[in-house]
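Sharing a structure with you now.
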Amino acid sequence: FKAKEQRGSLSFFSDDLTTAVRRRLELEQRLRRALERKELCLYYQPQWSIDGAEMTGVEALIRWQDPERGMIPPVEFIPVAEQSILIGMIGRWVLHEASAQIAAWQRQGLAVPRVAVNVSPQQLRYHYLPDEVAEVLEQTGIAPDLLELELTESALMAPGQDTEKMLNALRALGVRLAIDDFGTGYSSLAYLKRFPLDLLKIDKSFTDDLLESSQARAIVETIIVLGHKLGLGVLAEGVEYEAQRCELERLGCHQFQGYLKSRPLSVVELEALLAAD
Ligand code: C2E
Ligand code: MG
Ligand code: MG
Ligand code: MG
């Protein structure tokens, strides 16, 4: 009886697995087509000085406009892309698209904010990022300091790559470097003094709990002090309430980003906001 039950659950499990694999391959194929058909686009979320008075930059966030399924958020396809060579193609496209957008805004005479681009750990691992960045800078002719690369701690800690050398090469190109989701990765603090960084982005989970949890508050305070002492900018992600912004300002945080002031915007929406200034 027991064995039978076990076999039953085993075959159930394996059916499930096959379905999962099939679904993943299907998604991968659709994503490949989406890339060819230019169904991917970038939204841009404004980043603000902590008092909310000045837009200091925008973060480029990828979206997939599927003609049948509508807008698909990155959590639903970036992890799949990361398991295939698609992430390299997507990463390259994002870098190019964001840089070309900066150049287009400049041609339109809009006050161009800095654009931050998310870099996947796999992209960092399997592609030599300085070469890709040098290429888009050359192709688009934009000032390098208008481009910021968001890297994660785990990506920087990955073994088997000379991260320090690569980051120095990126720095030599003049682009800015930020650590995304700071405080959530599996990493040591030692790299902060070795790597040429510009910005720490406090993860949204800490912002969320800032007012309710003394632990979250202690972490946020510490990240801000760390940033100050190391001469790095500090930006808080996911700020939704004025009380959070207020507390972050009191603690000395430099910038924030979040629904409190703006959601990720389409190019048209952002252009309207830039033109209104
Ligand atoms: P992330 O880089 O940490 O981006 C922040 C996410 O938080 C974005 O979700 C943004 O829309 C959301 N967000 C911002 N402010 C608020 C807020 O006040 N409240 C709430 N609830 N959410 C807020 P999104 O656009 O869905 O992106 C999710 C993740 O997908 C990103 O996290 C990033 O890791 C990844 N991603 C997005 N675009 C790209 C890309 O072009 N390339 C790569 N490799 N990854 C990307
Ligand atoms: Mg990011
Ligand atoms: Mg983040
Ligand atoms: Mg995050």
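The values are calculated or read from the model by the stated rules, or taken from the named source; none is laboratory data. This is a predicted model, so every value here is computed, not measured. Every residue, glycine as well, gets a Cβ built from its backbone with ideal geometry; the counts of neighbours run over all protein chains shown. Heads up: the accessible areas ignore ligands, DNA and RNA and are worked out on the full protein's heavy atoms, side chains in. Shrake-Rupley method; radii C 1.70, N 1.55, O 1.52, S 1.80 Å.
Take the chain, connect every pair of alpha-carbon atoms lying under 10 Å apart with a spring to form a Gaussian network, then pick out the residue of Glu247, Glu212, Glu82 with the largest mean-square fluctuation.
For the chain, modelled as a Gaussian network with Cα springs under 10 Å, the answer is Glu212.
What percent do you get for the relative contact order of the range 98-257 when only Cα pairs under 8 Å and 6+ apart count?
Relative CO of the range 98-257 lands at 16 percent.
Contact order normalised by length for the chain, with contacts defined as Cα pairs under 8 Å and 6 or more residues apart; what percent is it?
About 17 percent, as a whole number.
Per DSSP H run of n ≥ 4, the term is -39500 (n - 2.57); total these for the chain, divide by its residue number, and report the mean residue ellipticity at 222 nm rounded to 500 deg cm²/dmol.
It lands at -16000 deg cm²/dmol.
Out of the trypsin sites (Lys or Arg not before Pro) in the range 174-277, which ones are loop residues according to DSSP with at most 16 other C-beta atoms within 10 Å?
Those that pass, being in a loop and sparsely packed, number zero.
Moving on. Tabulate in residue order the Karplus-calculated ³J(HN,Hα) for the range 106-111, using 6.51 cos²θ - 1.76 cosθ + 1.60 with θ = phi - 60°, rounded to whole Hz; enter x for Gly and Pro.
4, 5, 7, x, 7, 5
Just the C-alpha atoms of the range 205-277: what Rg/Rh do they give, with Rh taken as the Kirkwood radius?
Taking Rg over the Kirkwood Rh, I get 1.06.
To check my understanding: the extent here is largest minus smallest coordinate of the Cα atoms along each principal axis. What are those three numbers for the chain, in Å, largest first?
The Cα atoms of the chain stretch 68, 47, 39 Å along the principal axes, largest first.
Further, regarding this structure: Gain in length, Ala275 to Ala104, computed as 0.36 nm per residue apart minus the alpha-carbon separation, to one decimal in nm?
60.2 nm
On each of the three principal axes of the Cα atoms of the range 137-249, give max minus min coordinate, whole Å, ordered largest first.
Extents along the principal axes, in whole Å: 46, 32, 21.
Using DSSP to call loops (not H, G, I, E or B), can you name the trypsin sites (Lys or Arg not before Pro) in the range 16-113 whose Cβ has at most 16 other Cβ atoms within 10 angstrom?
Arg37, Lys38, Arg69
Length gain on complete extension for the stretch Asp16 to Arg250, per 0.36 nm per residue less the alpha carbon to alpha carbon distance? Mind dumping the intermediate values first?
On the way: separation 234, 0.36 × 234 = 84.24 nm, distance 5.06 nm.
Gain in length upon complete extension: 79.2 nm.
Considering only Ala98, Val115, Thr140, whose Cα is most displaced toward the positive end of the charge dipole of the range 97-140, charges sitting on Cβ of Lys, Arg (+1) and Asp, Glu (-1)?
It is Val115.
If the chain between Val268 and Arg32 were fully stretched, how many nm would it gain, using 0.36 nm times the residue separation less the Cα-Cα distance?
82.4 nm
With the cut-off at 21 Å, tell me which of the pairs Lys201/Lys229; Lys193/Lys229; Lys165/Lys229; Lys38/Lys201 have Cα atoms farther apart than that.
The pairs that break the limit, which is 21 Å between Cα atoms, are Lys165/Lys229; Lys38/Lys201.
Using a probe radius of 1.4 Å on heavy atoms only, what accessible surface per residue do you get for the chain? Whole Å² is fine. Walk me through the intermediate numbers first.
Details: 14440 Å² over 277 residues.
Solvent-accessible surface per residue comes out at 52 Å².
If you place +1 on the Cβ of every Lys and Arg, -1 on the Cβ of every Asp and Glu, and leave all else neutral, what size is the dipole of the range 202-258 about its Cα centre, to the nearest 20 Debye?
Dipole of the range 202-258, to the nearest 20 debye: 280 debye.
Can you list residues whose amide H is under 5 Å from Ser262's amide H, if they're 5+ apart or on another chain and H is modeled 1.01 Å from N?
Under 5 Å from the amide H of Ser262: no residue qualifies.
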